[in-house]
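The values are calculated or read from the model by the stated rules, or taken from the named source; none is laboratory data. This one's a predicted model, so the numbers in the text were calculated from it and none came from an experiment. Note that we place each Cβ from the backbone using ideal geometry, even for glycine, and neighbour counts take in every protein chain shown. For accessibility, only protein heavy atoms count, side chains too; no ligands or nucleic acids. Shrake-Rupley method; radii C 1.70, N 1.55, O 1.52, S 1.80 Å.
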Amino acid sequence: MFSGLVLARGRLSARPRPTAGGGLRLEIAPGAGLDGRLPIGASVSVAGVCLTVAEAGAQSVTLELSPETLARTTLGDLVEGDIVNLEPALRLGDALGGHWVQGHVDGTVEVLATVALGDQREVAFSLPEDLQAFMVEKGSVTIDGVSLTVAHCDTDRFSVALIPHTLEITTLGSLVVGQRVNLEIDILSKYVHQALASRGAK
């Protein structure tokens, strides 16, 4: 479980390596801020995707991606040198400053527009039809591992407002139109939707 508050940005320190099962192995240099938080077996959110540390070295960690992860996320597009958002799993007693994030990506969406608002920025994303029922204005959403609030929501798109701090410490500051990002819907909205659907509500 994560909160969507990015603690560090990591850099792919080597070219992704294919595995025998059709997956990939990523080697990431986590940078400062995560000392002691990524031992072998630890869970870590990488660009919003929950992965397990397979190897832990002095300067980098290695993570293994399954074919399912590659099919549902943007991680298969990463190349050596790319920067990703990192968050270790929550520990008992950690503050929940964002919202409940599982690291289970629901799909990828496209950046449709970016608008500068002084030192802030509003970014609009596409919204797939199968996820429209879960998105509400002022609700929570996770983009590439970052907990955000939905500023506006239409039938086929939604937007978020990014403050200077978020633009500075996460990869969202470099988003460009046409880029695809990982989207995770708020888990609470999924449970509510399922409960209502089981009672015949539409």
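Among (1) open to solvent by 30 Å² or more (accessible area, probe 1.4 Å); (2) assigned to a strand (DSSP E or B); (3) out of contact with any Leu (no Cβ under 7 Å at 6 or more places or on another chain), which single condition is ASN85 missing?
All conditions pass for ASN85, except number (1).
If I ask for residues that are open to solvent by less than 50 Å² (accessible area, probe 1.4 Å), within 26 Å of MET1 (Cα to Cα) and in a loop (DSSP other than H, G, I, E, B), which ones from region 163-202 would you list?
Answer for region 163-202, where residues must be open to solvent by less than 50 Å² (accessible area, probe 1.4 Å), within 26 Å of MET1 (Cα to Cα) and in a loop (DSSP other than H, G, I, E, B): THR170, LEU175, ASP186.
Cβ contacts < 6 Å: first residue touching a residue at least 60 places away in the same chain (Cβ under 8 Å), restricted to region 181-202; second residue β-branched (Val, Ile, Thr) and surrounded by fewer than 10 Cβ atoms within 10 Å (Cβ to Cβ), any location; separation 6+ or different chain. Result?
If the second residue must be β-branched (Val, Ile, Thr) and surrounded by fewer than 10 Cβ atoms within 10 Å (Cβ to Cβ), no pairs are left.
For the structure I just gave you, tell me whether ARG17 is within 21 Å of ARG180 (Cβ to Cβ) and among the basic types (Lys, Arg).
no
Can you spot a residue in region 131-138 that is part of a loop (DSSP other than H, G, I, E, B) and surrounded by 14 or more Cβ atoms within 10 Å (Cβ to Cβ)?
The answer is yes, given that some residue of region 131-138 is part of a loop (DSSP other than H, G, I, E, B) and surrounded by 14 or more Cβ atoms within 10 Å (Cβ to Cβ).
Matching residues to (1) modelled with pLDDT under 95; (2) in contact with a strand residue (DSSP E or B) (Cβ under 6 Å, 6 or more places away or on another chain); (3) closer than 24 Å to THR142 by Cα:
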| residue | (1), (2), (3) |
| --- | --- |
| GLY10 | no, yes, yes |
| ALA20 | yes, no, no |
| ILE40 | no, yes, no |
| VAL44 | no, yes, yes |
| ILE83 | no, yes, yes |
| GLU87 | no, yes, yes |
| ALA95 | yes, no, yes |
| HIS99 | yes, yes, yes |
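Considering each residue of region 144-162, count those that are more than 15 Å from VAL181 (Cβ to Cβ) and either free of Cβ contacts under 8 Å to residues at least 24 places away in the same chain or open to solvent by 80 Å² or more (accessible area, probe 1.4 Å) (or both), and give that number.
5
LEU127 versus (1) open to solvent by less than 30 Å² (accessible area, probe 1.4 Å); (2) more than 19 Å from the chain's Cα centre (by Cα); (3) aliphatic (A, V, I, L, M): which is the lone unmet condition?
(2)
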